[in-house]
Structures are given as structure tokens and as C-alpha cells.
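The structure appears right after this line, and notes come after that.
The values are calculated or read from the model by the stated rules, or taken from the named source; none is laboratory data. Note that this is a predicted model, so its numbers are computed, not measured. Cβ placement follows ideal geometry from the backbone for every residue including glycine, while neighbour counts extend to all protein chains displayed. Ligands, DNA and RNA are excluded from the accessible area calculation, which covers all protein heavy atoms including side chains. Shrake-Rupley method; radii C 1.70, N 1.55, O 1.52, S 1.80 Å.
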Amino acid sequence: MRSLLAAATISLAFTLFLTPLFIRLFRKIGWGQVIRTPEDINNPSHHTKRGTPTMGGIVFVLGTIVGFFVGSYTGGTEPTVSGLLVLWMMVGLGIIGFIDDYMKVRSQRSLGLSGWRKIVGQIAVAVPFAVMALNFPNQYGETPGSAYISFFRDIPTLSFMALGAVAGWILYLVWISFMSVAWSNATNLTDGLDGLATGAGIFTVSAYSLVTFWQLQQRCHSAALVTEYTAACYDTRDPMGLTIVAASFVGALVGFLWWNAPKAKMFMGDVGSMAIGGVIVAMAVLSRTEILSIILAGVFIVAPASVILQRYYFKATGGKRLFLMSPFHHHLEMRGWPEITIVVRMWVIAGILAIFGVALFYVGWLAAL
């Protein structure tokens, strides 16, 4: 518990007190928000955001790293492999987002990396993560990830390796890459209003901290495990490490939200939104709750789903629009909803889904007894 408190506190202090310094630095070097997208042109209120320092995701990424290492060593343990893998995905996808942001700021255009280049970068980060997740077994033979599709834990009948080593590895890498691309782009699309993605990320990753903390209490090889609970134990390799990194990330996001809440003093940029996606993917894979992540992080599905529906409806109807604008939060803006109303209500939805997902996880544990 001391590790968790230290991780969250250090990360919170880092972003809460140092973000103003980064705001001044980013203003000085000219890292201001570019407002030239169709969504911004049709939303006059967005013009006031032009020039607001962006790429603020750098702040909470750094805060998370500092908090994780301080928290780990405070508890008297070395940083775990699983915790480091979460940082890999957070930093790796964050770098892809940084490149995209930097290209926009440098050219003063809203066009950064092309869609396919971004996807290639996301896959380049996901593949090493996937390979490392199936290595580094501990004394019980547990690796950080597994070659199974998981819900509350691995589903025994859904093993990629059942198809043979070569085909299994290929499908496994495709699966992890798909999730990485999907979640990082989903969080990226959600980051369209001040504080929206930050608040939603707090609820989602907080839920994951509860999931992994419960897995820590019910580890299969724990000496403290009650005999009657053995049938429902978890094979998660490093639940404590995952909980520490989740606590650190939540603390960093809370501190950043102070400056990112409407009206934002700093935007997270793609570096921040894609880092959030990286943490969600890593936590889902390493806690072996990949399907459950659809519920825990369900609020991030709204934006990409609305974009997909808009595109197919437009094609099917010969030019008609299902929404006034996509993603969906911009549709609500066009309907006259105040930005703060949209953001808070999306936070409420994120909280409901997080609570429901954790409750479902607990019911799954009860059912396994």
C-alpha cells in the first residue's frame, strides 16, 4: 500500500506543480494549438483555443515514469517487468503522437502523420511489446502476457498457439497490434474537448487499478491465498507492478486535469491521447482482461463508433449525414450543448462503465469459486 500511495502522490505533485513551468516553456518555443480542422472552422468557440500550449501529454507521461519508479523502490521492490511493459506502450505510442503533434505545430497545419504512417508506427511499438509479453517467465512459469484471448482471465478454448507455433505467433501479433491501433486511435479521437479524455482516462485506469489490486490479493501462488479461493485465483505475473503503474498514471492525470479542465491552459495533444491508449492496451493484455476492456474503457468507443457510422451512412445514403458532425461530442456541440456539459456527462458515462466493469469482474470471480 505504501508503494501505491507514493506512486500516486509523486505523480500528482509532479503534474500539479510542474505543469505551469511546461506551459511557459511550450509557449516560449511556440508549441501552440493549430486550429484549422473542419470541426474547428464550424465551431467558432474553438477559435479561442488557437495558440494554447499543446503536447501536454509529455507532462503526465514524465510524471507517471517518476511516480512508478519512486513507488516501486519505496515499497522495497525492483520495478516489475509488467510495469515496465506498460511504460513501453505509454512512451512508445506517446512518441508516435509527439511526432504527429510536432509536424502540425511546425507546419502550422492540422495535417501531421498520414493515417497509414501512424498505423505503421503503432504496430512498430505493439510488436516488441507482444513479443516481450510472452517472455520473462517467473519461478512459476508465468509470463506477463499470454497467448490466449481473455475476458476476466484467459479463456482456455481461445489459444492462438492451438493453431501451431508459426500461425499462433502470427495471429497473436496481429491481435495485439489490432488492439493497440484500435485503442490508441479511439483515445485520440476522444480528445476533442477540454478535459474529456483526461477525465475519462482517470476513471478507466482507476478501474484497472482496482482489478489488478484484486488480482494481487487472489494470486494463485500467494501464501496468503485462502484455500477456498484457490479455484478462482489469478495467474497475473506482476499484479503489484501493474497496480503501481496504474496508480501513478491516475495521479499524473489528476494533476494534469487541474490545468486541462475547461477552459484548458494546456492541451494533451496526440502525445497524451495516444499514451492513454497505450496504458489501456497494456493493462488489458497484462491483466488478461482484453474483452473486459471494452466495458471498462467503453467511453472511448463512442467517438470512433460515431465516425465509422457517419462515414458509412454518408456513403449508403448518397451524401446524407447521420450526425451534424463527428466525432459525437462535436455533434452535441453543434446541437448547442455547452462544452462543459458534454465533458461532465461523458465523465459520468465513463464512471458508470468503470464501476459496471469492476462489478462484472468481481461477479466473474464469484462465479469461478
>> If I compute Cα Rg over 2.2 N^0.38 Å from the structure I just sent, which labelled value in [x] 1.17; [y] 1.12; [z] 0.98 lines up?
In response: [z]
> Each residue of region 20-34 in order: what ³J(HN,Hα) in whole Hz does its phi give by Karplus 6.51 cos²θ - 1.76 cosθ + 1.60, θ = phi - 60°, with x for Gly and Pro?
Replying inline: x, 5, 5, 4, 5, 5, 5, 5, 5, 8, x, 8, x, 5, 8
>> What distance in nm lies between label points placed 7 Å from Cα along the C-beta direction at A231 and L171?
In response: 3.0 nm
> If the cut-off is a Cα-Cα distance under 17 Å, which aspartates and glutamates reach K118, setting aside same-chain residues fewer than 8 apart in sequence?
Replying inline: D100, D101, D191, D270
> Taking region 106-201, which chymotrypsin sites (Phe, Trp or Tyr not before Pro) meet the DSSP loop condition and have no more than 12 other C-beta atoms within 10 Å?
Replying inline: Y140
> Hey, if you put +1 on the Cβ of every Lys and Arg and -1 on every Asp and Glu Cβ in the chain, which of G195, F356, M161 ends up farthest toward the positive end of that dipole?
Replying inline: G195
> Once Lys and Arg get +1 and Asp and Glu get -1 on their Cβ, which of V344, I276, F151 lies farthest toward the positive end of the dipole of the chain?
Replying inline: V344
>> Which residue fluctuates most in the GNM of the chain (Cα springs below 10 Å): R153, R27, R237?
In response: R27
> Excluding ligands and nucleic acids, what accessible area in Å² is computed for V131 using a 1.4 Å probe, to the nearest 10?
Replying inline: 60 Å²
>> Leaving ligands and nucleic acids out of the surface, order R219, R109, R117, R288 by accessible area at 1.4 Å, largest first.
In response: R117, R109, R219, R288
>> Which one, Y172, Y73, L62, is farthest towards the positive end of the dipole of the chain when Lys and Arg carry +1 and Asp and Glu -1 on their Cβ?
In response: L62
>> So with the 1.4 Å probe, I'd like the accessible area per residue for the chain, rounded to whole Å².
In response: 44 Å²
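When the chain is fully extended, how far beyond the present Cα-Cα distance does R27 get from V120, taking 0.36 nm per residue of separation?
30.4 nm
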> GNM, the chain, Cα, under 10 Å: largest mean-square fluctuation among L225, L286, L193?
Replying inline: L225
